[in-house]
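For reference, the structure discussed in these notes is given below.
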């Protein structure tokens, strides 16, 4: 976007939300250090309804993310817990959780260390307590993309840091991290200032229909009033593999490169994780086939780099698009942090994002005898085939 605008935009004006908030945080709290992987050890004590992981989710994804106050959490039952796995905590149990929350904060404060959830929370509360600090509020206009996955604390902090207007863009069907909408909790009223974009310019009709049908498969509440794409293309292909997925992917890759003439940089392979055994085996196979590749998450990755297949993950591919996508999902790790309905929604959104990275060609590779949501993909494919053939 910066390249096509007439006025020059400094690279420092384009940033991720967390990097932007971190810069502001360091200005206010220069003695603190960020450790995104720091694990706070909180004894559960008599709190039997939550295990250690559930307690951490309650603290980081609910209390810190929502900037929840003690009076809201402990003394009232009115705070919305939509999507959260743990519901119906009694007052005494909420008091115990709040005590653990205070211990969490004290440990980080003693070490002058912040995790990202605590950084957003601490920065927001500083801004709310210091409304007259004009030096830190130096942004006139802000444009925020992928806003559907932001926490209320992040969004509220951006709102506090911006003097003028915030323009936000988001798609709830691509919500893969957050369990609830952040706007109301962040103090942002969207009434009268929202524009819905119904045109799809990225995908073919066939890919868009497949992705939308999969998203609606088990949830009729989802309203997808999206105008069909302006172009047609081949049907997505769902390949249920009895043998080696690695060989199936490399064979398909060769067809696109050698037979159909696609440049390597126009092809992406989306995987579950770059660290799992299946992906490592695939990358070794690419090297054996002399097919160069590049990891899009690398710090020095350049989109202008040619002659290399793009490798990315389900969680990192959002915002990207490619003429050809090969999606390798021999298994799928289902989220467990929220209630079952929300977990299913997040997982479907995650796969929807992966499907819609493909502009023209989508090939999905699944192991034989799929179960659960992977079987849903196969069923959806069979239904779509009948619609277009």
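Readers should treat all values here as calculations from the given coordinates under stated rules, not as data from a laboratory. On a predicted model such as this, the values are computed, not experimentally measured, just so you know. Glycine gets a Cβ as well: all are built from the backbone with ideal geometry, and neighbour counts include every protein chain shown.
So how far apart, in nm, are the two label points at residue 35 and residue 230 if each is 7 Å from Cα heading toward Cβ?
Modelled inter-label distance: 5.3 nm.
Angle check, please: helix 245-254 long axis (alpha carbons) against the longest principal axis of the chain (alpha carbons), in degrees 0 to 90, nearest 10.
That helix lies at roughly 60 degrees to the long axis.
What percent does the relative contact order of the chain come to when contacts are Cα pairs within less than 8 Å and at least six residues apart?
Working: 526 pairs, mean separation 65.8, N = 389.
Once divided by the residue count of the chain, the mean separation gives 17 percent.
If you line up the long axis of helix 17-28 against the longest principal axis of the chain, both from Cα atoms, how many degrees apart are they, to the nearest 10?
30
Compute the long axis of helix 340-355 from its Cα atoms, compare it with the longest principal axis of the Cα atoms of the chain, and write down the angle in degrees, 0 to 90, nearest 10.
Around 50 degrees separate the two axes.
Quick one: if the Förster radius is 30 Å, what FRET efficiency do residue 28 and residue 52 give, using the C-beta to C-beta distance and rounding to 0.05?
In this case the efficiency is close to 0.45.
Using a/c under 1.5 as the rounded threshold, could you call region 246-344 rounded, prolate or oblate? The axes a ≥ b ≥ c are square roots of the C-alpha gyration tensor eigenvalues, and prolate needs a/b larger than b/c, oblate otherwise.
On the way: a/c = 1.98, a/b = 1.63, b/c = 1.21.
Prolate, since a/c reaches 1.5 and a/b exceeds b/c.
Which number comes out as Rg/Rh for region 200-387 once both Rg and the Kirkwood Rh are worked out on C-alpha atoms?
With Rh from the inverse mean 1/r over Cα pairs, Rg/Rh is 0.95.
Based on the Cβ-Cβ distance of residue 255 and residue 199, what FRET efficiency does E = 1/(1 + (r/R0)^6) give at R0 = 35 Å, to the nearest 0.05? Spell out each step's value before the answer.
Numbers: r = 31 Å, r/R0 = 0.90.
Rounded to the nearest 0.05, the efficiency is 0.65.
Take each of the peptides 160-166, 17-23, average the number of other beta-carbon atoms within 10 Å over its residues, and list them starting from the highest.
In descending order of packing, they fall as 17-23, 160-166.
Let me check against my output: what whole-number percent is the relative contact order of region 200-387, with C-alpha pairs under 8 Å and at least 6 apart?
About 33 percent, as a whole number.
Figure the gain on full extension for residue 292 and residue 159 (residue separation times 0.36 nm, minus the Cα-Cα span) and round it to one decimal in nm.
43.6 nm
Compute the distance from the alpha-carbon center of region 119-136 to that of region 293-353, in whole Å.
Rounded to whole Å, the Cα centres lie 34 Å apart.
R0 = 35 Å: FRET efficiency of residue 316 with residue 371, Cβ-based, nearest 0.05?
0.85
Let me test this: with uniform point scatterers at the alpha carbons of the chain, what is the Debye-based log₁₀ I(q)/I(0) at q = 0.08, 0.14 1/Å?
Taking Cα atoms of the chain as identical point scatterers yields -0.50, -1.36.
What's the extension gain from residue 125 to residue 70 if we count 0.36 nm per residue and subtract their Cα-Cα distance?
18.4 nm
Would you calculate the separation in nanometres between label points at residue 242 and residue 263, each defined as 7 Å from the Cα along the Cα-to-beta-carbon direction?
According to this spin-label approximation, the distance is 4.0 nm.
Only Cα pairs within less than 10 Å get springs; with that Gaussian network setup on the chain, which residue of 376, 339, 259 has the largest fluctuation?
Of 376, 339, 259, the Gaussian network model singles out 259 as fluctuating most.
What's the ranking of 52-65, 260-273, 353-366 by average number of surrounding C-beta atoms within 10 Å, highest first?
The densest-packed peptide leads the list: 353-366, 52-65, 260-273.
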